[in-house]
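Down below is the structure, laid out as structure tokens.
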Amino acid sequence: MGSVLRSIMHAWLTYLLVAINFAVFGYELYLSGGPTVSIYALLKLAQVNVLVTEYGEWWRLFTAMFVHVSWIHIAMNMFFLIYLGSQLELLVGRWRYLLVYVVAGLFGNVLTLGMMGPMTISAGASGAIFGIAGALLTIDGVLKRNMQVALANAFFLFLVNSWMPHVNWVAHLGGLLAGLALGYPYGQYVKRRIMRMDYWELEGY
């Protein structure tokens, strides 16, 4: 628990991402003219597949990972972003962490574009957060030499959080796969460093 609290205190990039998400949500409410997000706001900012493919609005693949459809949606996502993101930020460093967030979010949205219908409207940081979770799982799996357990946990995480209606399971899957792929080489890098440290200690002995 102490390590979790320490990571939260030092993870300023995670809090910056949370602030950006809330700022975008505030702009959504401004566009909606009320306390709830309107379809107008989503059409302006979220990923609308037909607007991406037919009108070339590719920027939506990026902005969609900061757009949320309700207070509950953003509250749940930001809770998990703080809890998981702060740990990954402290573990891999800010630039690698940001890479995981952006690549996982984009990959989930690109997969949504390819696998779901043209009238699909998608929004949320879930793909990026699943990427963070995937990176944490695969790094842990590499270091503990138990990738089977890491992949099983990733599969369980995906099932538990993707069965509900109106949930974009495709974005979840894409983000998770991207996180697993990005976390693996970093886990190998850390393992090699640990092995070299052990070697130096043996040499000194």
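Observations
- Neighbours by Cβ (under 9 Å, 6+ apart or cross-chain): first from region 133-147, surrounded by 17 or more Cβ atoms within 10 Å (Cβ to Cβ); second outside any helix (DSSP H, G or I): D140/N146
- Evaluation of W58 against (1) open to solvent by 60 Å² or more (accessible area, probe 1.4 Å); (2) part of a helix (DSSP H, G or I) (one fails), failing number: (2)
For every residue, the table says whether it meets (1) out of contact with any helix residue (DSSP H, G or I) (no Cβ under 9 Å at 6 or more places or on another chain); (2) over 16 Å from F22 (Cβ atoms).
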site: L42; (1), (2): no, yes
site: L51; (1), (2): no, yes
site: Y55; (1), (2): yes, yes
site: R60; (1), (2): no, yes
site: V67; (1), (2): no, no
site: F79; (1), (2): yes, no
site: L88; (1), (2): no, yes
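- Pairs, first more than 15 Å from G187 (Cβ to Cβ) in region 80-98, second open to solvent by less than 60 Å² (accessible area, probe 1.4 Å) and among the charged types (D, E, K, R), C-beta under 9 Å, six or more apart: L98/E89
- Region 87-130, subset part of a helix (DSSP H, G or I) and of a type in the set (S, T, N, Q), residue surrounded by the fewest Cβ atoms within 10 Å (Cβ to Cβ): Q87
- Every residue from region 25-40 that is open to solvent by 40 Å² or more (accessible area, probe 1.4 Å) and touching a helix residue (DSSP H, G or I) at 6+ places or on another chain (Cβ under 7 Å): P35, Y40
The values are calculated or read from the model by the stated rules, or taken from the named source; none is laboratory data. Keep in mind that this is a model prediction, so the values were computed, not measured. Note: ideal-geometry Cβ built from the backbone for every residue, glycine included; neighbour counts use all protein chains shown. Heads up: the accessible areas ignore ligands, DNA and RNA and are worked out on the full protein's heavy atoms, side chains in. Shrake-Rupley method; radii C 1.70, N 1.55, O 1.52, S 1.80 Å.
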